Amino acid sequence: MTNRSWQRNLYIIFFTEVIMQIGMSFVNPFMPLLVQELGNFNSSRETALWAGIVTGVSGIAMFLSAPLWGILADRSGRKPMLLRSIFGTAIVVSLTAFASNIYYLVALRFANGLLSGIKPAIYALVSTTTPREKLPWAMGLISLGTFIGTTLGPLIGGYLADKIGFRYTFLTTVAILIICGLVVIFFAWEKFERPAQIQAFSLRRIWGLAISRQMLPILTVEFSLQASQQMLAPVAPLVIRELDPARQGVATETGVAFGLTGAIAAIAALVTGRLGGRISLKKMLVFACLIGGILSLPPIWAVSVAQFVILFALSGIPKGVLMTSSTALVSLSVSSSQQGMGYGMAHSARALGIGLGPLLGGSLGRLLGLKPVFGVAAGLFALAGAIVAWRLTEQTPKKS
């Protein structure tokens with residue numbers, strides 16, 4: 001592939017990632033509020049518990065299905081898997097718009113997790129069409145796209161939820177996903193070569209790679225990053241409401257909090273991608289975990305909505321660094337024929353964090369109150385940093 005063709009392909013995928021993340025993050029600010037409406041809960045703690053369940057079941061389903069989708073991507077191509085995940089998600093989200101009770105919503109979120117797998121398909125497609133020495137920069141660009149989307153998405157989604165309602169906001173997400181699927185069909189490129197010898201599916205083979213010295217620390221970081229972030233998803237809107245019970249437009253305020261977090265993470269991801277070939281990715285991971293633990297604590301002491309939003313947004317710094325460096329390390333840690341499996345496993349670890357994080361956050365919010373959940377999130381970052389420092393071997397991109 002020429003320089004022009006791989007760069008063109010990368011920019012198309014970058015654009016698709018931005019638009020998809022805008023649409024898919026529409027629901028972040030108002031999901032706990034939708035749960036409260038469908039469940040008719042009067043208690044914030046009860047709402048936090050069910051919001052954790054609704055978010056968590058999707059992650060658990062992704063944890064179970066991601067390695068399978070990764071293996072299929074290595075066998076049949078990454079572009080077909082990307083299209084499957086986009087249109088499959090669109091179908092489930094369209095049904096979610098008409099959820100009539102909390103149990104229906106839980107079932108649909110689980111189905112969404114089973115059919116999802118957009119992120120590993122995108123990462124595998126980028127990693128197999130990008131020169132190895134350009135991988136940190138390419139992953140930084142895709143991470144930038146993710147955070148641009150997650151910056152604009154909650155801002156727009158929170159506003160739309162307050163103006164047109166939850167259900168029409170879901171349908172807007174469906175329209176965006178369909179557009180992205182068409183862009184991938186007509187413009188994204190993959191020269192897929194089916195492996196001459198296809199290794200048989202084996203749980204032992206997957207487990208062996210998962211606990212290897214190179215992959216285990218990366219999987220730990222992926223899990224901890226998502227778990228710490230998702231622990232706060234069912235809690236943040238309720239903290240804002242408790243700080244100012246008379247305040248109107250809580251979904252919009254929560255969208256601002258998540259949006260600013262994404263903006264800061266986008267800048268951090270871009271800087272990390274630029275520095276990826278100059279600074280050890282291991283050092284970046286350890287540093288980001290340390291900073292992540294420190295920055296998770298200040299929101300506990302916020303006394304106003306403005307303070308909480310600003311302190312919450314600062315957590316975007318380590319998120320941008322962690323996502324970029326860990327995804328680049330996955331590609332450098334497995335062979336080109338196993339990129340789908342490697343990113344499938346990383347997505348599985350990420351999905352486990354997405355699944356367990358809200359359940360843990362909602363449960364702790366019910367038992368201890370809302371703000372102590374931030375302290376537990378800080379502990380997860382510290383644990384991940386210790387494992388990376390102890391187990392991860394140095395990996396640097398080599399010029400082809």
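The values are calculated or read from the model by the stated rules, or taken from the named source; none is laboratory data. As the structure is a prediction and not an experimental result, all values here were calculated from the model. Backbone-built Cβ (ideal geometry, glycine too); neighbour counts: all protein chains shown. For accessibility, only protein heavy atoms count, side chains too; no ligands or nucleic acids. Shrake-Rupley method; radii C 1.70, N 1.55, O 1.52, S 1.80 Å.
Pairs meeting the criteria (first residue in the stretch 159-188 and touching a residue at least 40 places away in the same chain (Cβ under 8 Å) and outside any helix (DSSP H, G or I), second residue among the aliphatic types (A, V, I, L, M) and open to solvent by less than 60 Å² (accessible area, probe 1.4 Å), beta carbons under 7 Å, at least 6 apart or on different chains) are Ala188/Ile12; Ala188/Ile13.
Let's see how each residue does on (1) crowded, with 24+ Cβ neighbours inside 10 Å; (2) closer than 16 Å to Ala48 by Cβ:
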residue	(1), (2)
Ala351	yes, no
Leu364	no, yes
Gly369	no, yes
Pro372	no, yes
Ala382	no, no
Ile387	no, no
Arg391	no, no
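The sole residue among Glu190, Glu253 that is farther than 27 Å from Ile387 by Cα, modelled with pLDDT under 80 and surrounded by fewer than 19 Cβ atoms within 10 Å (Cβ to Cβ) is Glu190. Among the residues of the stretch 21-32, those that are open to solvent by less than 20 Å² (accessible area, probe 1.4 Å) and either of a type in the set (Val, Ile, Thr) or more than 20 Å from Leu144 (Cα to Cα) (or both) comprise Val27, Pro29, Phe30, Met31, Pro32. Of everything in the stretch 211-242 that is small (Gly, Ala, Ser) and touching a Gly at 6+ places or on another chain (Cβ under 9 Å), the residue that is nearest to Gln307 (Cα to Cα) is Ala233. Selection of the stretch 313-333 for residues being open to solvent by 10 Å² or more (accessible area, probe 1.4 Å) and either modelled with pLDDT under 75 or closer than 16 Å to Met231 by Cα (or both) yields Ser315, Lys319, Leu332, Ser333. Picking from residues in the stretch 103-138 that are farther than 22 Å from Ile22 by Cβ and not in a helix (DSSP H, G or I), the one that is most open to solvent (accessible area, probe 1.4 Å) is Pro131.
Being open to solvent by 40 Å² or more (accessible area, probe 1.4 Å) and at pLDDT 85 or above is the filter here, so list the residues in the stretch 265-290 that pass it. Those that are open to solvent by 40 Å² or more (accessible area, probe 1.4 Å) and at pLDDT 85 or above: Val286, Phe287, Leu290. Being at pLDDT 80 or above and open to solvent by less than 10 Å² (accessible area, probe 1.4 Å): is that true of Val18 here? So Val18 fails the test. Inside the stretch 47-84, residues that are open to solvent by 10 Å² or more (accessible area, probe 1.4 Å) and either among the hydrophobic types (A, V, I, L, M, F, W, C) or outside any helix (DSSP H, G or I) (or both) make up a count of 14.
Annotation: Gly165 fulfils all but one of (1) on the phi > 0 side of the Ramachandran plot; (2) crowded, with 20+ Cβ neighbours inside 10 Å; the unmet one is (2). Scanning the stretch 268-321 for residues that are among the hydroxyl-bearing types (Ser, Thr, Tyr) and more than 21 Å from the chain's Cα centre (by Cα) gives Ser280, Ser304. Looking only at residues in the stretch 85-98 that are part of a helix (DSSP H, G or I) and aliphatic (A, V, I, L, M), the one that is farthest from Arg109 (Cα to Cα) is Ile86.
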